[in-house]
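The values are calculated or read from the model by the stated rules, or taken from the named source; none is laboratory data. In this text, all values refer to a predicted model and were calculated from it rather than measured experimentally. Neighbour counts run over all protein chains shown; Cβ positions are idealised from the backbone, glycine included. With ligands, DNA and RNA removed, areas are computed over all heavy atoms of the protein, side chains included. Shrake-Rupley method; radii C 1.70, N 1.55, O 1.52, S 1.80 Å.
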Amino acid sequence: LGALVALAALGAGALAYLVSRIDVRAEVERAVENATGRELTIAGEVGVSLWPVLGLHAADASLANVAGGRAPALAAMDDIHIGVEIRPLLNRQVVVRQLVLQHPRIALEVDAQGHNNWSLAPRTSPTEAPIPAPAPQRPATEEGRFSLQEIRTEGGEVSYYDARRGTGWVIGDANLTTALTSLNLPMRIEGDVRYADQQLALAIEIAAPRAAFAGRGTAVKLNIASELLTADFNGATTAASGEMQGLVTAGGPSLRRLAAWTGTPLQGAAGLDAFAVSGRLDIGGGLFNFTNATFALDRLSGRGDFSVSQLRGKPYLSGRLELFDFDLNPYLPGQTPPPAAADAPAEAATLPPAGAVPAPAPTAEIAVVQAPARALDVAEAPSQAPIDFSSLRAINADLELTTHAVLVQRLRIDAAVVALVLNDGYLASTLHSVSLYGGSATGRMEIDAREPSVRMVQDISVQGVDAQRLLSDAYNFGNIEGRAELAVNLRLQGRTQSELISSADGGVHIEVVSGVLRGVDLGGVSRTIRNALRGELIAPEARTPFNGFSATFAVADGALASDNLSFNTLNLRIPGLGVIDLTQRRLDMRLAPRASGG
């Protein structure tokens, strides 16, 4: 044991003697400056280090920033521990094999012109002859001089600031390990960092470190694992611009929590929890472009080409999406948030060309398995509770949507092509082609929730629908059978359902042809009063076939008025006029039945 202690002491003494004979500070500064083109300053002491590696240490070191940079240094460190080879010291050379950085602070910046501060290039002498192309390979001895078997950061901090947008971020508690045996060989970085009180495990593989340090493009692989986000990226990046292109898969338990963590909280929106996305990702200029992507959010899934960016401090979504079967009810005001998505999206699939008939959804049908919402009951008094439209202010969007089956309350839309614009609480939706209840619909809807008193506009035309199914699902009234046409042009404004109904203005036209009125036999009533008095002709099983029913209503202040009611059966012609007051739930109508041909 005494011999071992003596040998260690002798080695330390010899190392200290060699260090004292060499200007180590100048050698290290010169080597780093030649490799990076930036000035290295070691302000603290330089001496022998026995921990964590056997070698040298330099305190209070900093690597210069670019001229005019925001931070005083690109990198500053409390202490650098350098493991060196003993034999080259005999020749007054320093060959670094291990580098440990204690509390490094790295400041990444992009100036107003888009130039970054992390592109490094070896320093060349003014008298040095130009290197012919292609550049010759470095000698093995020179490449070995810069070989680092281990680079480790402990308690590091990385900050980023973009002067073009006035935004940035800070990552702390960076504990990372890598090796750099050659600038021309792949480099893998592993470890963990902390961002906004969340710990992230990182694994990064850079195919060509020399190209990355010089600001050129190189292949890169990235894996992130944390409580809120798991992501894999395989592609390429250009260090000079920060742009990235490649394939990505990502997911997490809550999009709402992830948005809040990244500094763009989604205020008031329902659901928006479990999410997953896969496809090709292009990042540049603050824009995230997804192409040929599949995605899932809550119980909603689909595919498409879309981009995500920032607009006035909130997410901005634009592009073309195809949505598979889904239930919209959980996102409506006062409803229970939707359950989490069961699985991540399937492999990316190519979208059909614009205008093509959507292919069958490759996932299990969702809308039909949800508990159906209760239909609007015209017998109930309008609610006085304020309606929460805050979800319309959660994000901004400009989308072209192609949907499969959609469930809204009990209304089912079989397929639709819709253009949708959402801007700070203002929603404009243009219905290009909607298939429902055996018919079709076109039109436009607007919801302006930028003020507490919400304004709504509905201008919709419906043709050839099944009247019984439509009226039953929409208004809980299924006593009319036949093919129906409906035109609705309404303007509403208010904070509650009651206020919206009482403010309704516009017009409504309805027409049903070759149908049946259930619950009464008007033909039998016209033939005999005695049968009607016995109740045989007014009963749930009674039916009145009719040739046509039509009415045009003017709407004002929540009341519908018509002077051209028309109901024609084989035996009767029933013209009429009347007023339907929705606010008072009152019906005033005058009918003048006449025998057909009389």
_Counted charge near TYR437, where neighbours are those whose Cβ lies closer than 9 Å (Asp, Glu -1; Lys, Arg +1)_ = -1
*asked:* Solvent-accessible area of ARG450, probe 1.4 Å, all protein chains present, reported in Å² to the nearest ten, please.
replied: 130 Å²
_Report the gain in length on full extension from ALA556 to GLU190: 0.36 nm times residue separation, minus Cα-Cα distance, nm rounded to one decimal._
125.0 nm
*Once you put a point 7 Å from the Cα of LEU587 and another 7 Å from the Cα of GLN199, both along the Cβ direction, what distance in nm separates them?*
6.7 nm
*Which residues in region 449-473 have a backbone N closer than 12 Å to a point placed 7 Å from the Cα of ALA415 along the Cα-to-Cβ line?*
none
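How far, in nm, would the chain grow between SER566 and ASN479 when pulled straight, counting 0.36 nm per residue and subtracting the alpha carbon separation? Show your work: numbers first, answer last.
Values: separation 87, 0.36 × 87 = 31.32 nm, distance 1.69 nm.
29.6 nm is the gain from fully extending SER566 to ASN479.
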*So for the pair LYS221, GLU39, with labels modelled 7 Å out along Cα→Cβ, what separation do we get in nm?*
4.1 nm
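To the nearest 0.05, how large is the calculated FRET efficiency for ASP78 and GLU446 if R₀ is 56 Å and r is the Cβ-Cβ distance? Walk me through the numbers on the way to the answer.
Details: r = 59 Å, r/R0 = 1.06.
The value I calculate is 0.40.
Please compute the length gained on full extension between TRP169 and ALA236, using 0.36 nm multiplied by the number of residues separating them and subtracting their Cα-Cα distance.
Numbers: separation 67, 0.36 × 67 = 24.12 nm, distance 2.24 nm.
Value of the extension gain: 21.9 nm.
Would you please put 189-195, 435-441 in order of how densely packed they are, using the mean number of other Cβ atoms within 10 angstrom per residue and starting with the highest? Write out the running numbers ahead of the final one.
Working: 189-195: 16.9, 435-441: 18.4.
Top of the packing list down: 435-441, 189-195.
For region 410-530, with every protein chain kept in place, what is the accessible area per residue (1.4 Å probe, Å²)? Walk me through the numbers on the way to the answer.
Values: 5650 Å² over 121 residues.
Ligands and nucleic acids excluded, the figure is 47 Å² per residue.
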*List THR167, THR569, ordered by accessible area with a 1.4 Å probe, largest first*: THR167, THR569
*Between SER309 and VAL457, what FRET efficiency follows from the Cβ-Cβ distance if R0 is 22 Å, with the result rounded to 0.05?*
0.20
